[in-house]
Amino acid sequence: MRADDPFDDPVTARAVIAADGTVTRWNEAARRLLGHRAEEVVGRPAVRLLADGAQPPRPTAGRRWSGTLALRHRDGGTVTVWLLAHRGRPEDGEADGWLAVTPLPSGPADPAGDALLWAAMVQSPCATVVFDTDLRLRGANDAMAELFGLPAVHLRGLTPADVGGHPWHKELERHMRQVLRTGRGHDVRTNPQVAGRSPEEAWLTRISPLTDDCGRVVGVCVTAHDFTEQNKARARLQLVNEASLRIGSTLDVTRTAQELAEVCVPALADFVSVDLLEHDQGADPTGPFTLPVPLRRITHRSRTAGAPESVTAPGEVVVYPAAAPQADSLIAGHSVVASVPSGDLDPWLAVDDAHARQVREFGVHSILSVPLRARGITLGVAAFTRYRHPEPFTHDDVLLAEEITARAAVCIDNARRYSRERETTLTLQRSLLPRGLPRTAAVDAASRYLPAARTGVGGDWFDVIPLSGMRVAMVVGDVVGHGIQASATMGRLRTAVRTLADIDLAPEELLTHLDDLVLHLSHESAGDAGPGEVGATCLYAVYDPVSRRCTLSRAGHPPPVLVPPDGPVRVLDMPSGPPLGVGGLPFESVELELPEGSVLGFYTDGLVDGRGGGADTEAGPHVLCEALSHAASGALDEACDRVLHAMLPPGSATDDVTLLLTRTRGLPSSRVATWDIPADPALVAPVRKRVLDQLGVWGLTDVSFTVELVVSELVTNAIRYGAPPIRLRLICDASTLICEVSDGSHTAPHLRRAKTWDEGGRGLLLVAQLTQRWGSRHTAEGKTIWAELGLAEEA
């Protein structure tokens, strides 16, 4: 036999018994104990070693058995020994067999005479065991024997492998050899999982070298400290830290409730449900509560796939009667713990068959209900259920659940308040935006507006404004910031733009007036937000379908995209201009001729930033041009949807997005008539004749009387009060007839009510009464007075 073979330990009798009951190994100490040589035993049934009448061991559970057996000696006598047997290790090739060991009698231990054992026992304050350099157990106190699950009197002389029964012993042996080799102590955290002890127990095993007077390592002392409570406290602290990191990642009520449930399952409970009180939109839920209490299930989570233990699906209303833990905790305003063994749940389950059936089926033994409260408001209740956790909820569990739900309640309340404010802001925003785009003879238009997905509603706006002379104004703007303040500022700016557009200001002049307004608004808010807090960008364009020319000016806004009917898509190159609110800097405009059917794409920076992002400022406009490449033909609404799909993945908008597409129309020259008029009152009658002839060409003789009066009045006023050159222009489309008279004077007429005996002053009043609307606009050469007749109304 090999001298270095641990199986041949001379102080411990060892035998290996295969699964079929035959002996496969037999050491020298076993021969000394029973007298049988190895060749007389190996290969033969182990039951032959039992004395007459002795019953073989019958393990009932686990991988280990210990007890007293009567064995047959070779000389025919009987030897009664304490025997420990456990399943062999796979690396020994005996995973299905048994290793049987018993220490040889060595006489009673004398702690006073054994300095090694005496030092270990005196110095160890807890469960202690001592091994020599060969890792033979020299002594163990009762606490360690209890931890091993074996009598202390029979442990002397065994090795960790002999004790066996759990991989923990193999790990212990490996660490002890390391301590013997290095002379340095080592700590191991482990769970022995001894039969009869809680599987949640955690132990700190401290392995220390024992030295003699010369400093030589002569053994190891192993002490075990119950670390269960410290481990639980650490797990609770870790769970609280995890909750603070994971709960409230979004401003969404449902997602926040889901995060609460995800954190607590299975660490704290086997099933968690979150129910919130039903309340009117915009109102804070308040108590006191009346029974039964209706709540809406927001979410639940289970350690069992599919959450089969839930009676209520997310989104459904659940009504809790009196005696239900959820109702009791809401009424009392504090946590409630109820358990099945104590009978706390009996009154509730007696009237709720569905929950009673689930409790019986899954073996629910305890429920913890914690009200969700934040800022003095009760939002709902979180219920924690245990059926796989063997232990009921403890006081520490209640404190932990309250800490986590308190954090979650604040996040849920923040999300609820944010959702309410967002809905209010979005309602305000949509009410301030145009409900529909007007149908004009100049352009076809389509638009899209998307509020930001996460940062809240901003101040984007757009508009299409009909102007005189069949012209149309197109505007897109963006107010800095988000929320109600930005939406309110947007509404004021949009109203200002419509007012300034109504007096037919040139685009660069309109932006100058708008810049003054933003400066005024910024100074108004200086007391609250500080100067310069109000800012905006804007792009304003005017298109004339008669000349097919478009004039554009912008104030720090992204330039539009032009899609010609027969050319490449491009971003218009035009002066940027300062953002609104800077003040003191001029705005410039550009004028270009647009072929009929050209598409202009106006947008806010949220569209291109959402696609390009980062430092690559060219990526967004490039993708936008690609998305608009086919917009010259087809429906504009489809083009809008195609652009949003290409530019914005679902839910990715970090800022408001506004898109306005317009396709230009041209008015045929046959629908426009122009006459230069000398400044002679005697020529008014021939002018009226020409106008009547033109109306006959257009088939509008039904309105000839009204048009004749309007033309006569406007031309007479231009001759009398204006300055040459004087020009008359008629513009006609399917539904409108416009009469324009231009002269070189910059003096604008005023509508007034003439007194009874006044000889004049009734001309413009007559024009206002006979036409649908009228007005004046200044031009570079003077002014133009115009009047518009609705042909359908006249007919």
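The values are calculated or read from the model by the stated rules, or taken from the named source; none is laboratory data. Since this is a predicted model, take the numbers as computed values, not measurements. Cβ: placed from backbone, ideal geometry, glycine included. Neighbour counts: every protein chain shown.
Taking the conditions (1) at pLDDT 85 or above; (2) not in a helix (DSSP H, G or I) in turn, GLY614 satisfies each one other than (1).
Residues in the range 227-241 that are farther than 13 Å from ALA202 by Cβ and of a type in the set (Ser, Thr, Tyr): none. Among the residues of the range 86-96, are any outside the structural domain of ASP20 (by TED's automatic domain parsing) and either crowded, with 18+ Cβ neighbours inside 10 Å or modelled with pLDDT under 75 (or both)? Among the residues of the range 86-96, not one is outside the structural domain of ASP20 (by TED's automatic domain parsing) and either crowded, with 18+ Cβ neighbours inside 10 Å or modelled with pLDDT under 75 (or both), which makes the answer no. Is it the case, given these coordinates, that ARG688 is under 17 Å from VAL767 (Cα atoms) and basic (Lys, Arg)? Yes, satisfied. Taking the criterion of being modelled with pLDDT under 85 and buried (at least 22 other Cβ atoms within 10 Å of the Cβ), the residues of the range 117-137 that qualify are LEU117, ALA120. In summary, VAL274 fulfils each of the numbered conditions (1) outside any strand (DSSP E or B); (2) crowded, with 22+ Cβ neighbours inside 10 Å; (3) not basic (Lys, Arg) with the single exception of condition (1).
Residue count for the range 573-593, restricted to those that are part of a loop (DSSP other than H, G, I, E, B), in contact (Cβ under 8 Å) with a residue 12 or more places away in the chain and either crowded, with 21+ Cβ neighbours inside 10 Å or of a type outside the set (A, V, I, L, M, F, W, C) (or both): 11. SER106 meets the conditions (1) modelled with pLDDT under 65; (2) under 30 Å from VAL218 (Cα atoms); (3) under 60 Å from the mean Cα position of the chain (by Cα); (4) not aliphatic (A, V, I, L, M) in every case but one. The failed one is (3). LEU426 meets each of the listed conditions (1) loosely packed, with under 14 Cβ neighbours inside 10 Å; (2) at pLDDT below 90 apart from (1). The residue that is nearest to GLY469 (Cα to Cα), among those in the range 409-456 that are part of a helix (DSSP H, G or I) and touching a helix residue (DSSP H, G or I) at 6+ places or on another chain (Cβ under 6 Å), is LEU432. Residue selection: LEU50 fails the criterion of being closer than 20 Å to LEU158 by Cα and modelled with pLDDT under 90. If I filter the range 295-351 down to residues being in a strand (DSSP E or B), closer than 24 Å to ALA409 by Cβ and of a type in the set (S, T, N, Q), which single residue comes out as nearest to the chain's Cα centre (by Cα)? Out of the qualifying residues, it is THR299. Taking the listed residues ARG234, ARG184, ARG177, the one that is without any contact (Cβ under 8 Å) to a residue 40 or more places away in the chain, basic (Lys, Arg) and outside any loop (DSSP other than H, G, I, E, B) is ARG234, with no other qualifying. Can we say LEU505 is in a loop (DSSP other than H, G, I, E, B), within 28 Å of GLU788 (Cα to Cα) and of a type in the set (A, V, I, L, M)? So LEU505 passes the test. Of all residues in the range 682-710, those that are in the same structural domain as ARG720 (by TED's automatic domain parsing) have Cβ atoms under 9 Å from Cβ atoms of residues that are at pLDDT 90 or above and of a type in the set (D, E, K, R), 6 or more apart or on another chain, in TRP698/ARG671. Criterion applied to ARG471, ARG448, ARG416, ARG439 was being modelled with pLDDT of 80 or more and outside the structural domain of THR658 (by TED's automatic domain parsing), and the one residue passing it is ARG416. When we screen GLU242, GLU259 for residues that are touching a residue at least 40 places away in the same chain (Cβ under 8 Å), part of a helix (DSSP H, G or I) and either assigned by TED's automatic domain parsing to the domain that holds ARG373 or basic (Lys, Arg) (or both), the only hit is GLU259. The combined condition, being among the acidic types (Asp, Glu), over 18 Å from CYS264 (Cβ atoms), without any contact (Cβ under 8 Å) to a residue 24 or more places away in the chain and surrounded by fewer than 17 Cβ atoms within 10 Å (Cβ to Cβ), is fulfilled by ASP353.
If only residues of the range 482-506 that are of a type in the set (Gly, Ala, Ser) and buried (at least 19 other Cβ atoms within 10 Å of the Cβ) are counted, the one that is farthest from the chain's Cα centre (by Cα) is ALA501. Exactly one residue out of ALA383, ALA406 is touching a residue at least 12 places away in the same chain (Cβ under 8 Å) and either assigned to a helix (DSSP H, G or I) or aromatic (Phe, Trp, Tyr) (or both), and it is ALA406.
Select from the range 330-358 the residues that are of a type in the set (A, V, I, L, M) and either over 18 Å from ALA383 (Cα atoms) or in contact with a Cys (Cβ under 7 Å, 6 or more places away or on another chain) (or both) and list them in ascending order. Matches in the range 330-358: ALA350, VAL351.
Does at least one position in the range 632-648 carry a residue that is touching a helix residue (DSSP H, G or I) at 6+ places or on another chain (Cβ under 7 Å), among the polar types (S, T, N, Q) and either part of a helix (DSSP H, G or I) or surrounded by fewer than 14 Cβ atoms within 10 Å (Cβ to Cβ) (or both)? No; the residues of the range 632-648 include none that is touching a helix residue (DSSP H, G or I) at 6+ places or on another chain (Cβ under 7 Å), among the polar types (S, T, N, Q) and either part of a helix (DSSP H, G or I) or surrounded by fewer than 14 Cβ atoms within 10 Å (Cβ to Cβ) (or both).
A quick yes/no check of all residues on (1) touching a residue at least 40 places away in the same chain (Cβ under 8 Å); (2) hydrophobic (A, V, I, L, M, F, W, C); (3) assigned to a helix (DSSP H, G or I):
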position	(1), (2), (3)
ALA13	yes, yes, no
VAL16	yes, yes, no
ASP20	no, no, no
GLY43	no, no, no
ARG48	no, no, yes
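Of everything in the range 364-413, what is aliphatic (A, V, I, L, M) and more than 26 Å from the chain's Cα centre (by Cα)? Give them in sequence order. VAL364, ILE367, LEU368, VAL398, LEU399 - these are the residues of the range 364-413 that are aliphatic (A, V, I, L, M) and more than 26 Å from the chain's Cα centre (by Cα).
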